[in-house]
Amino acid sequence: MGSLKDYFHGLADGTQNFFSSPQVGETHIFTDGSCFAEAENSLFHTAAWATVDASTGRVIAAAPLHGLPQTIGRAELVAIIAGLEWCHRFNVVAHFWCDSLFVAQGLATLVALGDIPAHWEHFDLWLRALALLELVPLGTQHIHWIPSHLDPLLCESPFESWVAHWNAMADRVAVQVNQQRSSGFWQLLSEAQETDGVWLARIAAVRQFYFKVAEARSLVEPVPLISR
């Protein structure tokens with residue numbers, strides 16, 4: 001389990017590792033996250049993110065989510081941070097399209113307030129986003145929330161089809177990055193899950209034993225006290 005934690009802690013922060021540069025005046029950035037969370041134990045979840053430039057059709061950045069908390073929320077937020085880092089690097093003010101409502105609303109709140117509400121989760125990532133917003137002057141008109149997994153066959157206009165296409169593209173890249181990990185990682189994950197399963201079975205057996213003891217004792221009639 002410790003080795004698995006070391007793996008997540010050791011992942012590089014890919015938010016400044018860019019694969020492309022802007023080539024047109026107005027830029028539209030689509031972001032998305034991926035999280036494989038089939039296991040109940042959150043330590044076995046794996047997340048990744050992707051940031052795509054719809055204006056050029058190129059991937060801006062994409063990487064497995066670094067850090068121990070592997071959640072879809074953090075993946076979505078890191079994808080936004082990568083887009084802001086890219087805008088700062090190339091001096092671009094872009095439109096951001098995101099299918100995570102809490103991230104889109106949170107980014108708009110940062111733009112409007114210039115501060116982070118104290119109760120917000122993922123404070124460390126919001127702090128990075130806030131610092132980048134001081135360098136990249138976004139307005140609320142640059143932040144767009146869109147529904148996830150739009151069906152292109154149900155779109156009613158070229159604009160809806162455009163949104164559906166690029167949202168699906170960002171999602172597809174994030175999922176592929178999440179899947180394309182080393183064989184060593186998958187072996188490590190399998191061994192950790194096996195170890196976890198052994199201990200869960202042991203704990204369940206101990207609990208079952210004590211429940212049976214408690215049940216048996218409750219069936220024993222109390223011995224009456226003999227008075228002198």
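Numbers for the structure displayed
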read-out: DSSP-defined antiparallel bridges as percent of all bridges, the chain, nearest 5; value: 65
read-out: Approximate spin-label separation ALA131-LEU101, in nm, with each point projected 7 Å along Cα-to-Cβ; value: 3.1
read-out: Angle between the chain longest axis and helix 158-179 axis [Cα atoms, degrees, rounded to 10]; value: 50
read-out: Calculated FRET value between HIS9 and GLU215, using beta carbons and R₀ = 45 Å, to 0.05; value: 0.50
read-out: For the chain, the longest site-free run once GluC sites (Glu not before Pro) in DSSP loop states with at most 14 other Cβ atoms within 10 Å are removed; value: 41-120
read-out: 222 nm mean residue ellipticity, helices alone, for the chain (DSSP H n ≥ 4; -39,500 (n - 2.57); rounded to 500); value: -16500 deg cm²/dmol
read-out: Length released on extending from THR140 to PHE19, taking residue separation times 0.36 nm less the Cα-Cα span; value: 40.9 nm
read-out: Residue of THR15, THR140, THR195 that the Gaussian network model of the chain assigns the largest fluctuation, springs spanning Cα pairs under 10 Å; value: THR195
read-out: Carbon plus sulfur fraction of accessible area for the chain, probe 1.4 Å, in percent; value: 57
read-out: Global geometry of region 115-157, whether rounded, prolate or oblate, following the gyration tensor of its Cα atoms and the 1.5 cut on a/c; value: prolate
read-out: Calculated FRET value between SER183 and ASP151, using beta carbons and R₀ = 41 Å, to 0.05; value: 0.70
read-out: With Cα atoms, 0 to 90° folded angle of helix 123-133 axis to the chain main axis; value: 0
read-out: Solvent exposure of region 81-169 as accessible area per residue, Å², 1.4 Å probe; value: 54
read-out: Selected from GLY83, GLY106, GLY25 as most flexible by GNM, with the chain as the system and alpha-carbon contacts under 10 Å; value: GLY25
read-out: Two-decimal log10 I(q)/I(0) for region 29-156, as the Debye equation yields it once each C-alpha is a single scatterer, q = 0.17, 0.21 Å⁻¹; value: -0.89, -1.28
read-out: Proportion of all alpha-carbon pairs of region 70-112 beyond 13 Å (%); value: 55
read-out: Restricting region 1-90 to chymotrypsin sites (Phe, Trp or Tyr not before Pro) in coil, as DSSP defines it, with at most 16 other Cβ within 10 Å; value: PHE19
read-out: Taking N as its residue count, the alpha carbon Rg of the chain over 2.2 N^0.38 Å; value: 1.41
read-out: Interchain or long-range residues, amide H under 5 Å from ALA61's placed H; value: PHE19, THR51
read-out: Scattering profile of region 105-220 at q = 0.11, 0.23, 0.24 Å⁻¹ [log10 I(q)/I(0), Debye over alpha-carbon scatterers]; value: -0.76, -1.16, -1.19
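The values are calculated or read from the model by the stated rules, or taken from the named source; none is laboratory data. Since we're looking at a predicted model, the values are computed, not measured. No Cβ is skipped: glycine too gets one built from the backbone with ideal geometry, and neighbour counts run over all protein chains shown. We work out accessible area using only protein heavy atoms, side chains counted, and drop any ligands, DNA or RNA first. Shrake-Rupley method; radii C 1.70, N 1.55, O 1.52, S 1.80 Å.
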